[in-house]
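A short worksheet on the structure shown next.
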Amino acid sequence: MNRSGGLFRVSALDAITIALSTIQIVVAVVGVAYFPNLSAPALFALAAGSGLLMFLNVNGLAHTLIHGGVFRSRALDAIAGVFNSLALGVPQTLYHVHHLNHHVGNSDRKQPDGSTRDWSSIYRFGRNGQPEHVISYALLNLLRGDMRAMLAEVRRQRRGRRLLCESIALGLGLVALARVDLRGFAWFYLPAFYVGWALAAADAYYKHWLVQPGDGYANSVSSYGSLYNWLTFNTGHHQEHHLRPNAHWTQLPRIRSEFAERMRAHGTRVIRGPHLTSFLERPRKAGLQERT
C-alpha cells in the first residue's frame, strides 16, 4: 500500500474530509446560534448546505475511517471518530458496524425466512421480490436501525470503549447545542440532521437499484463522471468499492481498470451522472444494463 508519509495512512488529501466535517459542525452551530436572527432563505440555505455536507461526510471522512482509517495512528483515528460523531449526529462506531454489515449482504434479496443479511438492503421492506420505494426507504432508513444487533456487533468487534467515548461526546455536544438556542435546535438542527441522513440514504438506494443481487461483479451501480467523482471522493466507483472495500478512495480509479473486463462480462450497471439522478437513466427493459 502506498503511504503518504507523516500523519496520514494513505493520502494527505484526507485532510479535505476532515475540513468538511469541521465545516459541517460549524454550519450546525451557526444555524442554531443565529436561528432567531436569520431570514428564512438564509436558514434554508444553511440547512441545504448541512444536508450536502452530511452526504459528503458519509462518503468522505466517515467512510474512510471505516475502511482502513485516515491516520497511521490508531489513537488519532479514534479521536477522529469522536470528533466526526459530532458532525454525523450519531456515534461513528454505530455507523461503522452498520456499514460493514452492508458489505456482508450488499443489498441482498430476502432469504426464505424473509430476512436480509444486509440491514439496509433496499429489498428488506420491499414486496413481491421488488425493492422498497426510494421515498419510504430514504425517510425511514434512519429510524430502522436494529440497535440490539448493532450493539452485539460492537461487542463482537470489541469497539465498546470507542462507542462509549463517542456517545458521551455526542451527548454533551447535543446538550450544549440545545442550550445555545432550543428553538434553533428543534427547528433547524434536527430537521437538517434528518434531511441530511435521508439524502445519504437515497444516494445509497440508487447505488444498488436495478442491479443483479448476488452477483459480486454486478450488484452495485458505478458512475464515472469526472466532476462527480472529484467532488465526492470517487463515490461513483461503487462496484469497485465493493470489490476492494479497503482500497483508499484515491485508488478506486485504478481498481476500475483492474476489474473492467469482468465487470463488462457480468453486465455491471454503469450510469453517466450522480447516483441520485440515476432514475433518469433507467433502462427501457429490466435486465438491459449499460456496459462499462
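Do we have residue 85 as modelled with pLDDT of 95 or more, under 22 Å from residue 236 (Cβ atoms) and either surrounded by 18 or more Cβ atoms within 10 Å (Cβ to Cβ) or in contact with a strand residue (DSSP E or B) (Cβ under 8 Å, 6 or more places away or on another chain) (or both) here? First the steps, then the outcome.
Numbers: modelled with pLDDT of 95 or more: yes; under 22 Å from residue 236 (Cβ atoms): no; either surrounded by 18 or more Cβ atoms within 10 Å (Cβ to Cβ) or in contact with a strand residue (DSSP E or B) (Cβ under 8 Å, 6 or more places away or on another chain) (or both): yes.
Answer is no for this residue.
Results for (1) buried (at least 22 other Cβ atoms within 10 Å of the Cβ); (2) among the acidic types (Asp, Glu), shown as yes or no for each residue.
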{"position": "9", "(1), (2)": "no, no"}
{"position": "14", "(1), (2)": "yes, yes"}
{"position": "24", "(1), (2)": "yes, no"}
{"position": "77", "(1), (2)": "no, yes"}
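Could you list all residues from the stretch 175-212 that are crowded, with 16+ Cβ neighbours inside 10 Å and of a type in the set (D, E, K, R)?
If the condition is that a residue be crowded, with 16+ Cβ neighbours inside 10 Å and of a type in the set (D, E, K, R), then 181, 203, 207 are the ones that fit.
Might you let me know whether the stretch 215-230 holds any residue that is among the hydrophobic types (A, V, I, L, M, F, W, C), crowded, with 19+ Cβ neighbours inside 10 Å and either closer than 29 Å to residue 45 by Cα or modelled with pLDDT under 95 (or both)?
Taking the stretch 215-230 as the starting set, the residues that turn out to be among the hydrophobic types (A, V, I, L, M, F, W, C) are 218, 221, 227, 230.
Within this subset, residues satisfying the condition of being crowded, with 19+ Cβ neighbours inside 10 Å are 218, 221.
Now narrow it down to the ones that are either closer than 29 Å to residue 45 by Cα or modelled with pLDDT under 95 (or both): none.
Taking every residue of the stretch 215-230 in turn, none turns out to be among the hydrophobic types (A, V, I, L, M, F, W, C), crowded, with 19+ Cβ neighbours inside 10 Å and either closer than 29 Å to residue 45 by Cα or modelled with pLDDT under 95 (or both).
For residue 145, all conditions in the list (1) more than 21 Å from residue 101 (Cβ to Cβ); (2) touching a residue at least 24 places away in the same chain (Cβ under 8 Å) hold save one; what is the number of the exception?
(1)
In the stretch 273-290, what residues are modelled with pLDDT under 55 and touching a Lys or Arg at 6+ places or on another chain (Cβ under 7 Å)? Don't jump to the end; show me each part of the working.
Pass one, the stretch 273-290, residues modelled with pLDDT under 55: 283-290.
Within the stretch 273-290, 289, 290 meet the criteria.
Checking residue 120 against (1) in the same structural domain as residue 62 (by TED's automatic domain parsing); (2) in contact (Cβ under 8 Å) with a residue 60 or more places away in the chain: exactly one of these is not met. Which one?
(1)
With respect to residue 76, determine if the residue is modelled with pLDDT of 95 or more and within 27 Å of residue 191 (Cβ to Cβ).
Considered against the rule, which asks whether it is modelled with pLDDT of 95 or more and within 27 Å of residue 191 (Cβ to Cβ), residue 76 comes out as no.
Among the candidates 186, 152, 176, which residue alone is closer than 17 Å to residue 100 by Cβ and without any contact (Cβ under 8 Å) to a residue 60 or more places away in the chain?
Only one candidate qualifies: 152.
Let's see how each residue does on (1) of a type in the set (S, T, N, Q); (2) in a helix (DSSP H, G or I); (3) closer than 17 Å to residue 89 by Cβ:
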| residue | (1), (2), (3) |
| --- | --- |
| 114 | no, no, no |
| 141 | yes, yes, yes |
| 149 | no, yes, no |
| 154 | no, yes, no |
| 166 | no, yes, yes |
| 176 | no, yes, yes |
| 185 | no, yes, yes |
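Need the failing condition index for residue 246 against (1) touching a Gly at 6+ places or on another chain (Cβ under 7 Å); (2) surrounded by 17 or more Cβ atoms within 10 Å (Cβ to Cβ); (3) touching a residue at least 40 places away in the same chain (Cβ under 8 Å), just the number.
All conditions are met except number (2).
Check off (1) at pLDDT 95 or above; (2) in contact with a helix residue (DSSP H, G or I) (Cβ under 9 Å, 6 or more places away or on another chain) for residue 265 and give me the number that stays unchecked.
Checking residue 265 against (1) at pLDDT 95 or above; (2) in contact with a helix residue (DSSP H, G or I) (Cβ under 9 Å, 6 or more places away or on another chain), the one that fails is (2).
The values are calculated or read from the model by the stated rules, or taken from the named source; none is laboratory data. All figures in this text were calculated on a predicted structure; none of them were measured in a lab. Glycine also receives a Cβ, built like all others from the backbone with ideal geometry; neighbour counts cover every protein chain displayed.
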